[in-house]
Each structure stands twice: as C-alpha cells, then as structure tokens.
Amino acid sequence: MNGHVKNMYFHQFMTPTTLLSLLLLMAVDSTRTVAASRHQQCAIALQQTLKLTKLVQTESVNLIKTYKSSQGEMSELFCKVSVNDIPDPNISGLEPSERIVSVYTHLQAFNSHVKRVYEQQTDLQLPTSPLLMELSTVSVRSRDLAVLINSFYQSLFPNLPIPEPAGGPTTLPPPQNVFQQKVYGCVVLKTYKGFLSNVAKELRTLKTKVCRRGTQTNML
Amino acid sequence: MVFARGLQLLVLASLTSVVVRCDRPTKPVNLSCEAVQEEKSIFKTITCEWDSSGSQSESVPTTYTLIVKKTSTDEIYNISTQLKRAELDLDTYPNHMNLDVWVTARNKLGTVESDHLIHDANYFVKPNPPSDVQILSENGFSTSLLINWIHPINKVYVELKYQIRFAPRGSHQWTYVPLMDTAKYIQSFRLQNLQPDTKYVIQVRCKNSVYDYGYWSDWSTNATNRTPEDRPTSKPDLWRIDEDNQQWQIISKDPVFSNGKIKSFEIRIESHRSKEWGSIPVNRSDADSSTGNREITFLKKMQIADDRSVKVYVNATNSVGKSPEGLLFIPAKAQGGVLAPVEDLKVWPEGGQLWVEWNAPKPMSVQEYVVEWVSGGWLDWQRENKSTRRTAIKGILEKFVCYNVSVYPIYSGWLGKPARTEAYLEQQAPLRGPNVKLKGDPGRNEAELVWEEIPLHSRGGFITNYTIHYSSGAETHNRKVPANITSYRLTGLSGGTKYDTWIEASTIRGSTNGSNHSFTTLKYAPGEIEGIVVGVSLGCLFVIVTIMLFCLYKKDVLKENFWPQIPNPGESTIGNWSPDYPLRAEPPKENCLSGISVLDVHMCDAKCVFEEDKTSLSLKKDKYLSEEHSSGIGGSSCMSSPRQSVSDSDEGGDMADTTSSTVQYSSVVASSGYKGQTPSSQPQQSIFSRSESTQPLLDSEENPDMMVQEGSRQFQHFARQPRFAECAGNEDTADFDRLRMEPQEANESLDFCPLEEDNEQIAPPDRLSAEWLPVKPASSYMPQLGGYRPQ
C-alpha cells in the first residue's frame, strides 16, 4: 500500500460533519475547563472573603468588650442609646450583584465611622490602650474586606462597575462631647458587628448562588 | 605609541570586567518567611531569610531590601539590611490577604531581585503548640487513652490540623498517629491498641490545615498517664535453679503481658504420687515494676528424687484476673538422659552482644529452647521458638564477667539435658595477677614455685597462659606455661643468689603481673656442708686412727726415737762397778752397745774405729738425735735442739774432719769385747766408757789411766750426765759444735758445768744400760787423735 491510498482512506473517514462535531466537543470541553477554573477561583475568592469577614466579625466582638471596659461606668448603657446617622447593618438588593454592592458600600460607610471612633478614642484613651490597637486592627481589616469584596465583585461582574451610594457618602456626626462620643462609639461598633454578621451570611449564600452560576452570568 | 595606548586600554578593560564580575550582587535565593503567633493572634512582624552566594565586600557593600506587598491593596512594606535576614513590621498581620514577598540585592554596580513568594498571608504562619494537653484514663478501657487539648489560636485566624505522637514511658521511640486521623480542627483524640497498665508519654503539635501552608508548631510539653489494668494475657515464664543435685528452686518471671501488677502466683506441683498447691504472694514496690524489667520471683524449693519426675504449673494473678497457665516438667534423673541436648553449642561476642548458636538435637522434636546465662549468683534466661538456631542474649550483660551459657531443649514441656559453655561479652587483662610463693625451701640451683588461680571475678577473661618471670638483678628470665598449670620448678639457678619472681597472667586482651616474691637460693646444696664436715671429720678421724695405729704398732720405734731410754749409768755395770767387785761380764745384747772400747788411735785409725763403732753400735742416729732433742730424757735438755751428735757428725763427714770437728768427750778403749762378743770374765784392763756429754773431755778423762782411778766417780759423772747435759743445754746449740774440739784443744780448759756430788744422781747399777761398760778407772781420757775440730 502506498501513502496515497492511506490518505484516501483518512479523507473518507474524516467527513465534514465529524470534524465539526469534534471541534464542537473540544470547544465545549475547553469551556468547561475554563468554567471549572473560574468556579474554583470564585470559590477561593469567596472563601477568602468569607474568612476575613469572620475574622473581622470575631475581632469586632472582642472590640466591643474592650470598648465597654475602657469607657468606665455606665458603659453598658451606651450601646442602648439610639444614635442617628449610623449606617444600616442590613444588606439590601435582590440580585447578587446588588447585594454585593450593598455589602461593599456599607463596608465603606462603616469604615468611615470606625475611623471616626478611633479618632475620638485616641483623645479619650492612653496611647498604649488596647482599645486603640483593636480599633486600628478592625479598621485595617475592614478596609481589606472592602477591597476583597470589590475584587470579588469585579471578578464576578467585570462589566458592572460598582455604583456610587445613592445617598452619597455616609454622613459623619458633628463634633461631640465625651459622652456623645462614648455613646456614638459603642453604637457604631455594635451596629458594625451586626453588619458583619449579615455579610458573613450573605457570602455563604452567594457561594452557592454566584460561583456556580458565574458561568451563566458571564454568558448573560 | 598608539599600540601602547591601546594596550593600556585593553588592560584597563580587563581589570574592570574582572572587578565587575567579582562585585555584582548575586541574586538572593531560598527566600523563606515566617510569622509567629503572639498571644491570641499572629504577630504583626514577618521574619524572612534568604541565601546569597556572594559575600559582603567593604568596598562595594550589598544592601538587601525585603519587600512585602499586599496584592489586593497594593500596600508595600519594606526594610533594608546588609544581612541575609530581616524582620518587617506589617502593622496588622494581614490574615487572609495575599502577599507578594521578595528581596532585592543592590550595590553600586546594580540590583538584582529574588524570586517572589506570592501566597496567602497564612502561608507563613507558625502557630503556638496546643495548650493544656491532658490524658484521660478510663476504667474498662485498658488499651485506650483519651487526649484533650486546647486550640492555640482561634480558627478565624488560622484553621489548624494536628499531629499526635506517643511512647511508653522510658522509651525513646515515638509512635506517630497517622496524620489523616488527626489532620482536622479537633481538640481531642482517643489513642487505642495500647498496652494495659502502661505509662505513656504523649505530645501534640499543630499547623495550618491548608495543604502545604505554614509551619508545624513546636511539640507540646509531655503529657503522661497510665492505661488501666487488665488480666494477664500471657503465661508466666517458669524456670528452675539447680542449687544442688537434690534440691531445686522453682522461679518465675512475670508474664510478658502482665497487664498490671502481679499480686500472687498460684503454683501446683504434681509428682508420682503427690500433688501440692500453693499461693505465693508477691511483695513488690512500684519502683521495681517501673523499671520495665520482668521481675523474677522465687516460688518454691523442691527436693528432687533421682527416680521421680515433677510437673509444675503456675498462674500469675493481678488485680483484674489470672493469667494463662505456665508449666515446666522436670524429668527424673534416669530419664533425663533420654532428652538429648542440643549439639555444637557456640557462644561468641559480636556487636556488643553475646550470640548463641546451636544445632537441633536429633532426631527428637523440640517444642522450644531456653537459653540460660549464669554469672556468680545471678541467673537469667530467655525462651526461643523451635526454629531458632542462633540468637543474641537479650538481657543486660556486663563486660569482663564470665557467663556460663546453657541451652536447654524443651520437649513438650519436659526439660532436656543442657549443653553448656563459658563466654565473656568482652575480655580484658586480669584485674590482678596470681600470688606466687615457694613450695618448700629453695635449693641451691632450683626452686619450686606455686600459685593459685586468679578468682573468677578478677580474671577479666579466659587465661591463655602464665609467664613466670624471675630475676637475679643482673638478668631476668621468663618461662611461659599453659593456663592449666599452677606450679613450676625453676632450675639452673645460681647458688646463694637472691631472686625476685612474679607471675604474669595473660588473656587475649592483655596481661597483668602478680605480686613479687623474693627468695634466696642456698649457698651450699643440702647435705653439702654436712658432707664436708663429715668428710673432714672422717679424714681427721682416719688420720688420728692411723696415727694411733702407727703409734700402737710402732711404739717401740717411736719410743726409741722420741723417748730413747737413757740407760741409767747408775744401773749399769759400771755403776755398780767398784774395785771390789769384779766386773761382771754380761752377755752383750743384740741391740745394745757392746764391744766399745776406747782406743788410742790415730786420726785415721780413729776413723776406722769410729766406723766400727758405728757398725757395732746399735744405737741409731735417730736415737741420738731424739735423745739430744729430748730435754727430759735423762735431763739432757742441753740437747733440746736437733743437732748432730758426735756419731752423726761422724757419719756425715770425713772421718778425719769429723774427728777433728768433734769434741772428744769420750774415748773408747779397745777391749777384748766387741759387739757380740762376750766379754771375758777377766777384768778388763782397758776400760771404756762412752758418754754423751757434750762437754769436752777433761784431760783426766782423756787419759784412760786416769779413768780407772776415777772410775767410780765417772760413773757418777755419767750418771749425772743428764744434769750435765742439762747444764749444757742452756747454752746455744752451737755449743755442741764447740765441743768438737781438736785434741789439742781438748787440753784447753773447757767449760763444764760443775759436777755436783749427788748421790741421788747415781743410778742403781741394775739400771745401767748394757751399752755402758765399765770404764777404766782413774784414767783420764785418752786424747783423741785429731783433736777437736774447732767450730
């Protein structure tokens, strides 16, 4: 047999239909691989965000304890006072993207207030006070969490920029007296703790929703 | 010029390139970072290390910069150093944030960057070990222990996994729990399949649960607890000590799996017609049981009859229950020979152990083997299964100690005959040498040495030989003898010499000298002195006896020579002679002087006369001499020194000379009688007399005529001769010679001792010697011809 005959057989075998099917199969397979990879990356990113959320949440619980123990008498009452202009701890939105954006914007707002509390407590506490260190730590981790949320959102929704908050940036309270500062600080930290708990829940929910549906979303 | 310039530039470029190659910073490699836990969280400082093949140069120093970047926020932290290690403060350790870590090396000649470490911050975390590790022992779970601990850090920071290891107390060999069983965020774990009633030491450590993340923490501090007791699950190890041929001691080791403290042994002994039961309590402290060695308990002493076999059954009991039954069957002595021993038993040290090897006895089937080793009063044993032919002794053996190693085959529980040998785990030179001493007394050339064997505990090994050293100071000798010899006879020694001797005992590892013993050999061999003394004594005795015999048998001769009997002139016929009495002629005796006549002869004739006199005289020369010698003989002390008598002098020389040299002290008148002749009865006209006086003759004496007249007086003179001679004896011996005067000189006045008229001196006539004949009275001596020979 010569090569020419072989080539003739090969050509008879590889019909256009077969070839097309093969190509399609390869495309689908590569798509699945990519999808799986994306899913894995989504899960990793989400997991990382969730871990940081839990960390900040845990640290916020300890922070409140430290805060109360640093404010002297009647500290238990401070957190029960109602204060205006504190960000809402609840997450809004229907779609995952909306909810992620809500998490992000709330985080940004709470970070501003936590920063304000840190500044106020700097005047009220000794420089070596553990409260200040914990406030600083929570503040840093909150910023990191916001970045992770943003990064996660970008990975999920690269074509959807995060919109600006509807009411504009959060409003910080005017200068306050010591009592007001103490009350304000306690309320902010308590509310923030609640918010972080909501974030953790949200991220767990998103894990099943977003990372598996990531491919479909992108395709949409 | 141009060429030179170009050459300069070329050289400069080369130098520059060399410098550059030498000093350019090298790329940092093997970058590793670690973030440790502090209190409840991760410390904010990260510590990184790296390697660099280049070294610091003073001229071109290299600066390293550690850079940590939060990839999400692009925040950068850095620190510079010239070391290869740096600690970087990150304000707050960014848990769950990605970090990019690298190191740059920079100097004047350039910058080089290390590889980047891009990981989650938890990748670098090293947590603290688990805290408060506790071990719980639960009754009813004798093979299990529950371990509890506390997480060192909240899982929100780092989720951990754990690893557990445990070991029986006293053992350095850890057993690790499989990681898959504990690689979880757990705080407790149940260890299983442990040994009952055993103390265990347990440790726990932890690490980031993410695969390949972080570093293992240090192991927690030791946590210890003992598993609960359980009933013994193996049988006690029965054995026996053969104290003497009739009595055995049954002993037992605790079961291998005692699972608790053995409180008693239940023993049952069955023999031909009897059965015994007993319970032996065990009193043992906790310290004894904690050593890990199986204790040996003495159970019972038994009398073994030669014709009886015995079966022994033993159970060990602890607080939970009873062990399986151990047994030992001891055959009767008569039957023991049927149970053949092992063959070709060998024992040797190797690798710090004592190895035992043997061949199975034929053709019997062995159930198991028992290897026993005994040293001094200490005994131990171990069991080996029936297929074993070589094993190492597992007990603790001491070096330089002799062990009696035996292998017993067990035939269905019956104890077989042992095969035995001795062995050392390690040998050394003997600790001391043998003490040598002498056996008996040393001889002149030999001595027998004897020594005792070195005690077993000081031997240190098998004695291969003894070397006997002996030294006289000048030189040292040695003799090698086998080890089974304890005495030796030294020969070829020098007499009267002090020897130092000592014995050197040798093993394969060295030698040791024993004590020094000194002895001195005899100067004379035993009996030699006695022999000498006896010999000398015998010799002396022999000489004495000989002398005595000689004296006895030759006493006459001696008497004649040494004690000549001086005739007493008083007893002679001359002495008794008186004019009134006729001269009684006596028959001449054989050996007496007879026939002496004083002749008036000429010199030559005198010579003849003298010669005749000599022949006729029976007096020996010696007699004269001896008489002359003796001072006691007739008192002739004047003749004490040997000197020649007149007769001697006559013999010795010319007669004429002799005659001339002698002093005539007597003159012999010829008579009718010569020797042997019987003098006639007729009175002799001629008288003769002889005197041994050394005094020269007086004129009167020289004239015989004068002698007749003075006969009696002369006898008195003769009788006094000893005294006379005695007087003369006081003078020098030369006086004797002076007496030998010429006849003419004889006329000269001579010094004579004054004659003493002493009647006592007159010897009785019957005592007169036959030699003396009456002299012519009243006549003086006839002058000698030739006269006296002057001195």
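What follows draws every value from the coordinates through simple rules; no lab data is involved. Everything quoted here is computed from the prediction, not taken from an experiment. As a convention, Cβ positions derive from the backbone with ideal geometry for all residues, glycine included, and neighbour counts pool all protein chains shown.
Which shape class applies to the stretch B:401-456: rounded if a/c is under 1.5, otherwise prolate when a/b exceeds b/c and oblate if not, where a ≥ b ≥ c are the square roots of the Cα gyration tensor eigenvalues?
Prolate shape, in that a/c is at least 1.5 and a/b is the bigger ratio.
Relative contact order, percent, of chain A when contacts are C-alpha pairs under 8 Å separated by at least 6 residues?
For chain A, the relative contact order is 38 percent.
From the Cα gyration tensor of the stretch B:237-424, with a ≥ b ≥ c the square roots of its eigenvalues, which class applies: rounded if a/c is under 1.5, or else prolate if a/b is larger than b/c, or else oblate?
Since a/c reaches 1.5 but b/c is at least a/b, the shape of the stretch B:237-424 is classed as oblate.
What does the charge count around B:Val133 come to, taking other residues whose C-beta lies under 13 Å from its C-beta (Lys +1, Arg +1, Asp -1, Glu -1)?
Net of charged neighbours comes to 0.
Kirkwood-based Rg over Rh for the stretch B:350-477 (C-alpha set), two decimals?
Reported Rg/Rh (Cα atoms, Kirkwood Rh): 1.19.
Which whole-number percent of Cα pairs in the stretch B:80-157 have a distance greater than 19 Å?
Roughly 62 percent, once rounded to a whole number.
Over the stretch B:428-550, calculate the relative contact order: mean separation of alpha carbon pairs under 8 Å at least 6 apart, over the residue count, as a percent.
Once divided by the residue count of the stretch B:428-550, the mean separation gives 32 percent.
Report the local net charge at A:Leu172: Lys and Arg +1, Asp and Glu -1, summed over other residues whose C-beta lies under 14 Å from its C-beta.
0
Which of the pairs A:Lys54/B:Lys70; A:Lys190/B:Lys207; B:Lys84/B:Lys161; B:Lys253/B:Lys399; A:Lys65/A:Lys182; A:Lys51/B:Lys40 have their Cα atoms more than 22 Å apart in this structure?
Beyond 22 Å: A:Lys190/B:Lys207; B:Lys84/B:Lys161; B:Lys253/B:Lys399.
Quick one: grab the alpha carbon gyration tensor of the stretch B:128-226, order the square roots of its eigenvalues as a ≥ b ≥ c, and give me rounded if a/c is under 1.5, else prolate or oblate depending on whether a/b is larger than b/c.
Prolate is the answer for the stretch B:128-226, as a/c is 1.5 or above and a/b outweighs b/c.
Across peptide A:48-56, how many C-beta atoms of other chains are within 10 Å of each residue C-beta, on average?
Mean shielding count: 4.
Structure shown: which of A:Lys68/B:Lys155; B:Lys263/B:Lys300; A:Lys68/A:Lys193; A:Lys115/A:Lys207 lie over 21 Å apart, alpha-carbon to alpha-carbon?
As for pairs spanning more than 21 Å Cα to Cα, those are A:Lys68/B:Lys155; A:Lys115/A:Lys207.
Peptide B:63-72: average number of partner chain Cβ atoms within 10 Å per residue?
1
Taking 8 Å as the Cα distance limit and 6 or more residues as the minimum spacing, I'd like the relative contact order of the stretch B:28-123 as a percentage.
29 percent
For B:Gly460, list long-range residues whose amide hydrogen, built 1.01 Å from N in the peptide plane, is under 5 Å from its own amide hydrogen.
Close amide H contacts, sequence-distant or interchain: B:Leu431.
Determine which lysines satisfy two conditions relative to B:Lys554: a Cα distance under 23 Å, and not lying fewer than 8 residues away in the same chain.
B:Lys589, B:Lys620, B:Lys621, B:Lys623
How crowded by other chains is B:482-492, given as the mean number of beta carbons from other chains within 10 Å of each beta carbon?
For this peptide, the per-residue mean of nearby foreign Cβ atoms is 0.
So, counting K/R as plus one and D/E as minus one, what does the shell of residues with Cβ under 14 Å around B:Asp344 add up to?
+3
Relative to the Cα centre, what is the charge dipole magnitude of the stretch B:428-550, using +1 at the beta carbon of each Lys and Arg, -1 at the beta carbon of each Asp and Glu, and rounding to the nearest 20 debye?
360 debye
At most 14 other Cβ atoms within 10 Å and a DSSP loop assignment: could you name the trypsin sites (Lys or Arg not before Pro) in the stretch B:49-120 that fit?
For trypsin sites (Lys or Arg not before Pro) across the stretch B:49-120 that sit outside H, G, I, E and B with at most 14 neighbouring Cβ atoms in 10 Å, the list reads B:Lys108.
Evaluate 2.2 N^0.38 Å with N set to the residue count of the stretch B:443-524, then give the Cα radius of gyration divided by it.
1.15
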